[in-house]
Amino acid sequence: MLWLQVLVNGLALGGLYACIAAGFSLVWGVLNIINILHGSLIVLGGYLAFFAHLQLGISPFLFAPIAGMLLFLPGFAIQRVIISPVMARPVLMTLVLTFGLTLFLDNLMLVAFTADYRKINLQPPLGVLEFGDVVLPLDRLYATGIGLVSVGALWLVLRSTQLGRAIVAVRMDRDAASLMGINVRLTHAIAFGLGTAMAGVAGALLAAIFPISSLSSSGYLGKAFVICVLGGLGSVPGVVLGGFALGVIESYGALAVGPENALTMSFLLLIALLALRPTGLLGRKGFT
Amino acid sequence: MLRGGLIGAAAVTVFGILLLFGDNYALRLGTTVAMYVTLATAWNIIGGFAGYPSFATAAFFGLGAYTSGIALSNGIPLSVAWAGAGLIVALFAVMLGLCILHLRGHYFAIGSLVAADVLREITNVWVSVTGGGIGLNLPLPGGDAETQAKLFLCVMSGLAGAACCAAWTLTRSRLGVALRCIAQNEDAAQVIGIDTGRSKIAALALSSLFVGIAGAIYASWTIYIDPSDVYDVSLSVKPIIMTLLGGVGTVTGPIVGAFAFLGLEELIWRNSLEFHSGFLGLLVVALVLFLPAGLGQLRVGSIWTRIRTVLPPEARP
């Protein structure tokens, strides 16, 4: 029954992975920029949850939405003040700009929190669910469940609120949306803020099950890339599909070639996908 | 042309002075700046001329360093190991190019960024050949410390000179014109009969050749390499910042940018060991926001005019 256990391990990460990539995909799709800062924001969300648990005793699962709310405003402000002036510039400029922001934030966190790996110790531990031979840790189940609920909430916002329709309209055609009376600048800033909020949620959930460190931001960024390319850019269902696909591929990969090669394998998969099918598994024509 | 000649003459003078009078620190600084000029000029071939935002510099650098390091550990002579490393890196670049050069914009950038991560992980895991995370110790080249320092200054400067000559020749060649067309409008370039695929791969391979040799020389220079050092993502980003500082898509831009960047880096390093990458980040943000076309945008005259308008009339000279 090993294969079933491995499948469960992979699926138990899928919702969390979807949550990691959702904000990244939203920003990429709507603003047409790659937010390299995303990985650092996830780590920041993780630290917020860690200290909320340590100082105030708030469970990271309850804290996740609060982390999201806390990170919305900084994201909004960063887009408004720093990113907005270079929106129309070539890809290289926005990439280098968000990279500079990442260097700054990572260094700030390194000085403030050191490079030590920290993990939230839930008291009492949540325990595991057992179905015959298959074991499912409850903390992972909660993290993935809350991750999925957050992604679902994002999807509902995009689907059925006026703000969400405005964001989708700007993603489809910036100029036409502007002609329809949508404030494109404001919409961009809100979309970016939603992206950073999702990073905060994902970070809080990650901190509940994995150790976090200020050095691990690029790893999360890499995962977000892979998930976006797997599922296809800028669609919420694509992110969910990509998240579960990466979770399962990683856990079978760890079984087949050893856990130390799992990261290499998922990156090689990314390059192969980019070479063969850059529009993702859901096969939609993306932005260039 | 005049500007290029002046910069070349200045560089040769600096090189001569360093070689004759330089102490250990100055020699190290000189070798570093030569390496930076090489990396920035090489990045400019693919990123500036062809307009493809490549983040693969660290991948080429690290692969060059490790190829030559492993070759030297197995008793292959120095010059053969360096040249061989360059060729192997160029071959790798051709294969990488076949995979990702058909992508544009963000997708290409990501594909190239990931290349370094893949190589770093493989290096980390393949302990029997690369030494894994512990790193690799290289055999010492002969001679005393000062002779060695001068040797590396000469070799690295020679490589920088070769890279600049290659970039200059490229601007006057068919391939250079093709790359500029691709940067401006790739579809139009294809329509007028440019083999865009082949031109892009040639540009990436040429760029990677210099980066790979620079990595190989760096490995011998520092004697010790480890994966997190030579595949560090900052090696991909620093050449871009230098080129942005000096001016993208010009021959002299990366050279000026490399010198300016080293100056800034030394200032920051000396004053803040703990927060230097944070300052580097701030520098990048300021550069993109305020000086997107590089230092050439700063005009002494315009600053002077601005100061004059601020000063009270009686204080004006």
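Things worth noting here:
- A:GLY68 meets the stated requirement of being open to solvent by less than 10 Å² (accessible area, probe 1.4 Å), in contact (Cβ under 8 Å) with a residue 60 or more places away in the chain, more than 11 Å from chain B (Cβ to nearest Cβ) and farther than 30 Å from B:ILE46 by Cα.
- Any hit, the stretch B:223-236, residues being over 30 Å from A:LEU108 (Cα atoms) and either open to solvent by 30 Å² or more (accessible area, probe 1.4 Å) or away from chain A (no Cβ under 13 Å) (or both): yes
- Whichever residue in the stretch A:237-288 is touching a Ser or Thr at 6+ places or on another chain (Cβ under 8 Å) and at pLDDT 75 or above and, among such residues, is farthest from B:GLY105 (Cα to Cα): A:GLY253
- Test: residue in the stretch B:105-128 that is in contact with a Lys or Arg (Cβ under 6 Å, 6 or more places away or on another chain) and either closer than 27 Å to A:VAL226 by Cα or touching a residue at least 24 places away in the same chain (Cβ under 8 Å) (or both): no
- Filter pass, A:ARG80 being charged (D, E, K, R) and away from every other protein chain (no Cβ under 14 Å): no
This table checks each residue for (1) within 7 Å of chain B (Cβ to nearest Cβ); (2) surrounded by fewer than 14 Cβ atoms within 10 Å (Cβ to Cβ).
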position	(1), (2)
A:SER84	no, no
A:ALA88	no, yes
A:MET93	yes, no
A:THR98	no, no
A:LEU110	no, no
A:THR114	no, yes
A:ILE120	no, no
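- Contacts under 8 angstrom Cβ, first residue in the stretch A:232-245 being free of Cβ contacts under 8 Å to residues at least 60 places away in the same chain and more than 16 Å from A:GLY147 (Cα to Cα), partner among the basic types (Lys, Arg) and open to solvent by 20 Å² or more (accessible area, probe 1.4 Å), 6 or more apart: A:GLY232/A:ARG284
- Answer from B:ALA58, B:ALA40, B:ALA26 - the residue that is of a type in the set (A, V, I, L, M, F, W, C), farther than 15 Å from B:ALA216 by Cα and within 14 Å of chain A (Cβ to nearest Cβ): B:ALA40
- Checklist (1) open to solvent by less than 10 Å² (accessible area, probe 1.4 Å); (2) assigned to a helix (DSSP H, G or I); (3) among the polar types (S, T, N, Q) applied to A:ASN35, failing item: (2)
- Within the stretch A:128-145, tally of residues that are open to solvent by 50 Å² or more (accessible area, probe 1.4 Å) and modelled with pLDDT of 85 or more: 3
- Residue in the stretch B:93-114 that is polar (S, T, N, Q) and open to solvent by less than 50 Å² (accessible area, probe 1.4 Å) present: yes
The values are calculated or read from the model by the stated rules, or taken from the named source; none is laboratory data. Here the structure is a predicted model, which means the values were calculated and not measured. Here the Cβ is made from the backbone with ideal geometry for all residues, glycine too, and neighbour counts use every protein chain on show. All accessible areas refer to the heavy atoms of the entire protein, side chains included, with ligands and DNA or RNA removed. Shrake-Rupley method; radii C 1.70, N 1.55, O 1.52, S 1.80 Å.
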